[in-house]
Amino acid sequence: MAELLLDVNNLVTKFKTADGKLSAVRGVSFSVNKGETVCIVGESGCGKSITSLSIMNLLPNNGEISEGSVRFLGQELTKMRQDELRKLRGNKMAMIFQEPMTALNPVFTVGFQIREPLKIHKRLSQREAHRKGIELLKQVGIPYPEKRMSQYSHELSGGMRQRVMIAIALACRPSLLIADEPTTALDVTIQAQILDLIDDLKEELGMGVIMVTHDMGVVAEVADRVMVMYAGEKIEEADVESLFSNPQHPYTKGLLKSVPNVDDRNHQLEAIPGTLPNLNEVITGCRFHNRCEFATEKCRTQSPKTFTVNDEHTVRCWLQEVEQHDESAATASSNQ
Amino acid sequence: MMNLQQPLLQINNVKKYYPIKGGILQRVQGHVKAVEDVTIDVYEGETLGIVGESGCGKSTFGRAVLRLEPLTEGSIVFKGQEIGTLSDRKLKAFKREMQMIFQDPYASLNPRQRVGDALEEAFIIHTSLSKKERKEKVLNLLDEVGLKAEHYDRYPHEFSGGQRQRIGIARAISLNPSFIVCDEAVSALDVSVQAQVIKLLKDLQEKHQLTYMFISHDLGVVRHISDRVLVMYLGNTAELAPADRIYDNPLHPYTKALLSAIPRPVPGRKRNRVKLEGDLPNPANPPKGCSFHTRCPLATVRCKEERPIWREVEENHFVACHEV
Ligand SMILES: Nc1ncnc2c1ncn2[C@@H]1O[C@H](COP(=O)(O)OP(=O)(O)OP(=O)(O)O)[C@@H](O)[C@H]1O
Ligand SMILES: Nc1ncnc2c1ncn2[C@@H]1O[C@H](COP(=O)(O)OP(=O)(O)OP(=O)(O)O)[C@@H](O)[C@H]1O
Ligand code: SF4
Ligand SMILES: [Mg+2]
Ligand SMILES: [Mg+2]
């Protein structure tokens, strides 16, 4: 039986800006079970990172969770005190950030940054932490780890910085790992090695993983479930097979068509026309309607409800109404 | 598209070493051989893809070619002029023509500067346009990279990672350069925006006859955008060929391993991955012989001793491996 690890319910995250309070995450709900990987995909700016940062309670200064709940191992995180949260972060829950340079501290050595969480959360001595740190760097495929411990982040290549951050995140063997584009700066052989490592920890510790990635190849390989976001909302969620073989939302379909095919140079990339709306744009009806080739009058005025495609597959799009209506009409007539 | 008669850049035996300091006195104890020995011509109007393991020296090579840092050794001829040894002052005229789009957009933007002002800077330094004309230029640039006029007054932290990368592209193309090194330029973008930006880069290339050096880990994108692909390993060139040839008929064992590890967007399909065993070499003390021999499934005694030469095995297809 699947054991619930994280339960996000109706999460709304807003930013204070010159244009007033704007929502970046609009009522998103999802859950992660122990030992499960949920991938979040969606256009740049749709709110993937802000959703992740909301869970970790690491929002930028002008951001706040204004509604909803985030329950982790039965505890409500949105109401937790900062000092209690600090005990969880880097220990029971860890995050790999999208931009390693912002997460690594330029004035401390790699060694210092990897030893600290081990000393604080796992109460290791300086020497034990040092040894453990070297072992972790080795696990994430960093050559010559002893030397790297005394280097600073600017002396490392992009991919090495990313791996250092992964090593720090995995140091305390967390129950929940949030990985925001963890392998974008890595070549595919190292990427495969890191994904294997995350997979091992999943097996071994029952670690749950939220992975934000735009690499649909990685999604296909690691995800159990996939959640697609658009303009702050969850628009589709499905098990990985269903999402790839039977995508329902016009945005998801477009997304899958814009993946470059390595096996065919002449494969035509189909970009989804238009751009994601700004946070301050007021949009009626479906938030995708002005870019959607199937939009109807209803789409322009009413926000779509969530339709169930099958047990594990839901989608927010009015086209379902027509389809499900047709289907029930078909079953009705065949029953006669 | 590719003009084989006219190399825009002739890069010969370029080396870039970084000193390793250590001890209490911070004495130089050795060198990281980030770029060991690279020779290649880059043709006008082409896109040269560069792939290879993380840390193999791609970014360093890109920076070296743009002369953002002094070379340790070697020569670079740009439009007939040797720039490898040019002083910083003389270099200024060339720098305008050669731009870079960085891997980490956040690191290259000043957090306290509005995006509009950041983009305006280049026009202040390099042109004599009026304030009003400059603003117009910046608004055009924002539009060209798919951003909106209201983004002019925003700060970098108010953008998503992908949006910031568009700002980087806008900045790189602002002075109409002829050569751009794109270092992981579309890696931060989700696929749907990536497809738009790739199209944007291609359109800009056609419109302004741009030459690109396109560094990326995304082998699908590289195949899509490149005319030729260079595979690097530990500061050396391993293989170079027209894009289709590399993907359909890779010769170097490292290239083969790399291509076999590409995750395909098909759930449930197990990859037939060539796992690279063996020690990752240390770039401060690279292995003797072929730099790949410690991990190569085909390595022989000869590979441990003798460094393979860079040779043309068929027309336009170069490789450095004893076993090919
Ligand atoms: N500090 C901030 N103040 C105001 N708006 C912000 C702030 N940080 C992010 N945003 C906005 O919130 C939205 C969601 O951003 P987020 O970083 O979550 O996008 P993302 O889905 O992770 O995109 P990417 O794939 O590019 O990383 C974007 O429109 C972004 O501009
Ligand atoms: N400023 C520096 N000082 C010391 N060493 C450096 C410096 N910059 C790069 N290096 C080293 O040079 C080597 C090559 O780094 P480079 O950034 O060129 O790799 P890369 O191929 O771009 O990797 P990635 O794919 O991870 O971005 C690495 O071993 C790196 O640690
Ligand atoms: S609800 Fe309408 S506009 Fe929205 S995605 Fe579906 S068809 Fe398109
Ligand atoms: Mg993000
Ligand atoms: Mg790099």
Failed condition for B:F78, given (1) surrounded by fewer than 18 Cβ atoms within 10 Å (Cβ to Cβ); (2) in contact (Cβ under 8 Å) with a residue 40 or more places away in the chain; (3) farther than 28 Å from A:E99 by Cα; (4) of a type outside the set (S, T, Y): (1)
Qualifying position, being under 23 Å from B:G168 (Cα atoms), of a type in the set (S, T, N, Q) and touching a Gly at 6+ places or on another chain (Cβ under 9 Å), among B:S75, B:S108: B:S108
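Take region A:121-136 and flag every residue that is part of a helix (DSSP H, G or I) and of a type in the set (A, V, I, L, M).
The first filter runs over region A:121-136 and keeps only residues part of a helix (DSSP H, G or I), leaving A:121-122, A:126-136.
Within region A:121-136, A:A129, A:I134, A:L136 qualify.
For region A:42-50, indicate whether the set of residues that are near ligand 1 (Cβ under 10 Å from one of its atoms) and in a strand (DSSP E or B) is non-empty.
Among the residues of region A:42-50, at least one is near ligand 1 (Cβ under 10 Å from one of its atoms) and in a strand (DSSP E or B), which makes the answer yes.
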Test result for A:V188, under 29 Å from A:T306 (Cβ atoms) and facing chain B (nearest Cβ under 10 Å): no
Some residue of region B:48-59 being more than 16 Å from ligand 1 (Cβ to nearest atom), of a type in the set (V, I, T), within 14 Å of chain A (Cβ to nearest Cβ) and touching a residue at least 60 places away in the same chain (Cβ under 8 Å): yes
Test: residue in region A:193-203 that is facing chain B (nearest Cβ under 10 Å), over 17 Å from A:V38 (Cα atoms) and not in a strand (DSSP E or B): yes
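Restricting the search to region A:231-265, which residues are aromatic (F, W, Y) and surrounded by fewer than 24 Cβ atoms within 10 Å (Cβ to Cβ)? Working first, answer last.
Applying the first criterion (aromatic (F, W, Y)) to region A:231-265 yields A:244, A:251.
Listed by number, the list holds a single entry, A:F244.
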Residue ranges of helices (runs of 4 or more DSSP H) in region B:240-305 with at least 1 members facing another protein chain (nearest Cβ under 8 Å) and in contact with a strand residue (DSSP E or B) (Cβ under 9 Å, 6 or more places away or on another chain): B:243-248, B:253-260
Pair list, Cβ under 8 Å, 6 or more apart: region B:139-168 residue more than 9 Å from chain A (Cβ to nearest Cβ), other residue acidic (D, E): B:A149/B:D143
Evaluation of B:Y18 against (1) within 16 Å of ligand 1 (Cβ to nearest atom); (2) over 16 Å from B:A185 (Cβ atoms); (3) within 12 Å of another protein chain (Cβ to nearest Cβ) (one fails), failing number: (1)
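Assess whether B:E120 counts as being touching a residue at least 12 places away in the same chain (Cβ under 8 Å) and over 28 Å from B:S226 (Cβ atoms). Walk me through how you get there before you give the answer.
Details: touching a residue at least 12 places away in the same chain (Cβ under 8 Å): yes; over 28 Å from B:S226 (Cβ atoms): yes.
Considered against the rule, which asks whether it is touching a residue at least 12 places away in the same chain (Cβ under 8 Å) and over 28 Å from B:S226 (Cβ atoms), B:E120 comes out as yes.
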Residues being within 10 Å of B:K58 (Cα to Cα) and either among the aliphatic types (A, V, I, L, M) or free of Cβ contacts under 8 Å to residues at least 40 places away in the same chain (or both) - total across region B:214-229: 1
Meets criteria (among the hydrophobic types (A, V, I, L, M, F, W, C), more than 18 Å from the chain's Cα centre (by Cα) and farther than 30 Å from A:V41 by Cβ) for B:V274: no
Residue within region A:155-162 that is outside any helix (DSSP H, G or I), touching a residue at least 12 places away in the same chain (Cβ under 8 Å) and away from ligand 4 (no atom under 16 Å from the Cβ) present: yes
Within region B:238-249, tally of residues that are surrounded by fewer than 23 Cβ atoms within 10 Å (Cβ to Cβ) and either in contact with a helix residue (DSSP H, G or I) (Cβ under 7 Å, 6 or more places away or on another chain) or within 18 Å of B:G57 (Cβ to Cβ) (or both): 2
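Give the residues of region A:243-273 that are more than 9 Å from chain B (Cβ to nearest Cβ), in contact (Cβ under 8 Å) with a residue 12 or more places away in the chain and away from ligand 3 (no atom under 12 Å from the Cβ), sorted by residue number. Show your work before the answer.
Our first condition is that a residue be more than 9 Å from chain B (Cβ to nearest Cβ); within region A:243-273, this holds for A:246-250, A:252-253, A:266, A:268.
Next, only the ones that are in contact (Cβ under 8 Å) with a residue 12 or more places away in the chain stay: A:246, A:248-250, A:252.
Across region A:243-273, the qualifying residue is only A:N246.
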Number of the condition not met by A:S150 [criteria: (1) modelled with pLDDT under 95; (2) within 15 Å of A:A94 (Cα to Cα)]: (2)
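Say we look at region B:120-169 and pick out the residues that are part of a loop (DSSP other than H, G, I, E, B) and within 27 Å of A:E99 (Cα to Cα); which of these is modelled with the lowest pLDDT? Talk me through it step by step, then tell me what you get.
Restricting attention to region B:120-169, the residues satisfying the condition of being part of a loop (DSSP other than H, G, I, E, B) are B:127-130, B:145-148, B:154-155, B:159-160.
Within this subset, residues satisfying the condition of being within 27 Å of A:E99 (Cα to Cα) are B:145-148, B:154-155, B:159-160.
Working: B:V145: 82, B:G146: 80, B:L147: 86, B:K148: 88, B:R154: 92, B:Y155: 91, B:F159: 82, B:S160: 72.
This residue is B:S160.
Restricting to region A:204-233, name every residue that is more than 13 Å from chain B (Cβ to nearest Cβ) and either part of a helix (DSSP H, G or I) or at pLDDT below 90 (or both). Don't jump to the end; show me each part of the working.
First pass over region A:204-233, keeping only residues more than 13 Å from chain B (Cβ to nearest Cβ): A:204-210, A:227, A:233.
Residues satisfying the conditions are A:E204, A:L205.
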Residue that is farthest from the other protein chains (Cβ to nearest Cβ) [pool: residues in region A:152-185 that are within 13 Å of ligand 2 (Cβ to nearest atom) and polar (S, T, N, Q)]: A:S153
Residue selected from region A:1-38 under the condition part of a loop (DSSP other than H, G, I, E, B) and within 27 Å of A:M216 (Cβ to Cβ), by the criterion nearest to the other protein chains (Cβ to nearest Cβ): A:E36
First in region A:207-234 and of a type in the set (D, E, K, R), second anywhere and within 16 Å of ligand 5 (Cβ to nearest atom), Cβ under 9 Å, 6 or more apart: A:D215/A:E181; A:D215/A:T183; A:D215/A:T184; A:D215/A:Q191; A:D215/B:D218
Region A:71-91: number of residues that are surrounded by fewer than 21 Cβ atoms within 10 Å (Cβ to Cβ) and in contact with a strand residue (DSSP E or B) (Cβ under 7 Å, 6 or more places away or on another chain): 4
Candidate set: region A:75-123, residues that are touching a residue at least 40 places away in the same chain (Cβ under 8 Å) and basic (K, R); chosen: the one farthest from A:I65 (Cα to Cα): A:K122
Verdict on A:M101 being outside any loop (DSSP other than H, G, I, E, B) and within 16 Å of ligand 5 (Cβ to nearest atom): yes
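With the requirement that a residue be outside any loop (DSSP other than H, G, I, E, B) and over 19 Å from A:V259 (Cα atoms), what does region B:215-237 give you? Step through it out loud before you land on a result.
Residues of region B:215-237 outside any loop (DSSP other than H, G, I, E, B): B:215, B:219-225, B:228-233, B:236-237.
Across region B:215-237, the qualifying residues are B:R228, B:V229, B:L230, B:V231, B:M232, B:Y233, B:N236, B:T237.
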Region A:39-63, residues that are away from ligand 4 (no atom under 12 Å from the Cβ) and either touching a helix residue (DSSP H, G or I) at 6+ places or on another chain (Cβ under 9 Å) or within 14 Å of chain B (Cβ to nearest Cβ) (or both): A:C39, A:M56, A:N57, A:L58, A:L59, A:P60, A:N61, A:N62, A:G63
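The values are calculated or read from the model by the stated rules, or taken from the named source; none is laboratory data. None of these values were measured; they are calculated from a predicted model. We place every Cβ from the backbone using ideal geometry, glycine too, and count neighbours over all the protein chains shown.
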